[in-house]
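What follows is calculated from the coordinates using simple rules that are stated; it is not laboratory data. Predicted, not measured: the structure shown is a model, and the values here were computed from it. Here the Cβ positions follow ideal geometry from the backbone for every residue, glycine too, while neighbour counts run over all protein chains shown.
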Amino acid sequence: MKKIKIILSIMLLSTLSINAQNAADALRFSYLNYGGTARYMGMGGAFGALGGDFSTLSTNPAGIGIFRGSEFTITPSLNYSSATSKYYGLTDEDIKYSFNMKNIGFVFSVPFTTRADESGMRSINFGFGLVQHNNFNNRMVAEGFNNESSIMTHFLNEANQFGLKPFTTQLAYDTWLLGTDNGEYFVDMPDGQVFQRMESNTSGYIQELVFSLGGNYNDVAYFGATIGIPSVRYESNFVFNETDVENLSDEFNSLQFKQSLKTVGKGFNFKLGGLFRIADIIRIGAAVHTPTFYNLEDEYKNTMTSDLNLAEDHPTEAKSPIGLYDYELNTPLRGIGSVGVVIGSLGIISVDYEYANYSSMRLRSDDYLFTDENRAIRDTFKEQHGVRIGGEVNLSPIFLRGGYAMYTGPVKEGKTDLSKNAISAGIGIRDKSYFLDFAYVYNMYNEDFYPYTNAAIKPANVGYTQSNFVLTLGLRW
């Protein structure tokens with residue numbers, strides 16, 4: 001496994017570090033975007049004090065205690081993502097479509113025979129199924145004329161500091177982009193003046209298998225617990241091209257650097273929750289999620305191609321070995337507090353607040369201490385605060401919904417923001433034995449994308465938007 005020392009302020013998103021386990025990997029698999037049913041997503045995910053929806057098994061498992069019967073739900077979705085980039089004065093845009101299964105699950109209710117005028121347990125409910133949270137499907141393109149540096153400036157600095165490394169500088173050396181003269185490394189055009197184009201294509205998900213148990217005490221107090229088994233699949237393909245469009249060099253024409261990364265793994269966590277009916281119209285809820293303890297495996301490889309005007313024959317392509325590495329990741333502890341208002345038969349309004357401290361993420365391995373990487377996590381990240389607000393209007397049998405979610409950035413001041421916002425709306429038809437819900441969710445966030453480090457370079461400012469079209473079919477009995 002190679003380790004690349006990079007500046008903390010840009011460690012978060014440096015693509016040249018994707019073959020090493022670092023702060024960017026920790027955040028990628030710790031930063032959750034909750035998914036679930038169309039009703040849940042249409043209300044902005046603000047369900048912690050309401051319950052009665054399968055999605056709450058992953059947020060406040062006490063919500064399972066609200067169920068008064070058994071239920072099956074399935075939720076297919078279509079995701080449309082767009083990325084608009086600005087890089088050295090040029091603007092580009094790219095899009096990507098993907099189909100997903102947001103959830104499939106069962107809840108079984110076992111009623112007790114307690115009389116309505118007696119205090120005691122009303123029911124015990126069981127639930128299990130699959131919920132998809134993060135969707136990594138994105139495609140980004142950025143290009144511009146860099147008059148400050150070349151990617152070879154980065155490789156030159158790296159070679160001078162660390163020598164030849166099999167995934168980066170060795171490839172540049174083997175394709176004659178990096179040379180030596182009297183024991184000193186050199187590159188052509190170290191001050192830039194090159195046209196650069198980069199393409200990033202990512203795919204994958206975080207999905208969670210949940211097993212929940214909950215109960216209803218006297219129609220006043222509800223409790224629940226969930227064992228979560230999340231799984232990760234993430235693939236990234238990054239292509240970086242550089243061209244001497246102004247013919248400033250007699251030798252260098254162009255280069256292409258390709259990077260591929262695949263991460264797979266599983267983990268486990270526990271969630272505990274409570275929900276209380278304070279009055280007929282007011283409910284409050286609280287939940288705590290333990291860290292998720294992941295076991296992950298990275299597989300990565302790089303390829304370098306050069307186009308040079310040289311009198312002698314030389315290799316034009318070099319490939320790295322295939323890198324494999326197993327490691328562990330501990331995500332942050334999470335806490336959720338919720339308030340819900342039930343306005344008779346007219347509708348409901350709900351608010352969730354979520355807290356997580358991303359500086360507590362940790363990378364671990366049996367054969368590497370991750371001292372520098374974990375220090376970078378502590379120095380780079382901070383607490384995140386999330387607020388989800390949702391409402392539903394009852395026009396039985398039709399229900400109208402809307403929601404808004406806002407998450408502050410988990411990165412310290414002066415670094416990439418990474419705050420997120422989401423707006424949602426939905427409609428549903430509900431009957432005693434079935435329901436059909438539809439939701440539309442629009443997510444927005446921005447990031448600074450650095451194609452390489454250790455050189456003067458401006459980031460590509462990338463604005464991401466995601467449109468999710470979600471449909472849930474539910475059966476009750």
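A few comments on the model shown:
- Furthest towards positive pole of dipole, Ala221, Val288, Ala460, structure part the chain, Cβ charges: Ala221
- As a rough guide to protection, the peptides 152-162, 58-68 ranked by mean Cβ packing within 10 Å, highest first, stand as 58-68, 152-162.
- At most 16 other Cβ within 10 Å, DSSP loop - GluC sites (Glu not before Pro), segment 260-322: Glu312
- Contact order normalised by residue count of the chain, Cα under 8 Å, 6+ apart, percent: 20 percent
- Likely footprinting exposure, Asp53, Asp191, Asp25, fewest C-beta neighbours within 10 Å first: Asp191, Asp25, Asp53
- DSSP-loop GluC sites (Glu not before Pro) across segment 383-422, with at most 12 other Cβ within 10 angstrom: Glu413
- The residue list Gly45, Tyr300, Phe67 was ranked by how far each Cα lies along the charge dipole of segment 8-476 toward its positive end, using unit charges on Cβ atoms, and Phe67 comes out on top.
- Counting charges near Lys96 (Lys, Arg +1; Asp, Glu -1) among other residues having Cβ under 12 Å from its Cβ returns a value of -2.
- Counting every other Cβ atom within 10 Å of each residue's Cβ, Phe126, Phe167 order from fewest to most as Phe126, Phe167.
- Relative packing of 319-328, 280-289, which averages over residues the other C-beta atoms within 10 Å, highest first: 280-289, 319-328
- Which listed pairs, of Lys102/Lys382; Lys319/Lys412; Lys96/Lys165; Lys86/Lys266, have C-alpha distances above 32 Å, in listed order: Lys319/Lys412; Lys96/Lys165; Lys86/Lys266
- In a reduced charge model with +1 at each Lys and Arg Cβ and -1 at each Asp and Glu Cβ, the chain shows a dipole moment near 2700 debye about its Cα centre.
- Estimated dipole of segment 332-456 in Debye, rounded to 20 [Cβ of Lys and Arg +1, of Asp and Glu -1, Cα centre]: 320 debye
- With an a/c value of 1.5 or above and a/b larger than b/c for the gyration tensor axes a ≥ b ≥ c computed over the alpha-carbon atoms, the chain is described as prolate.
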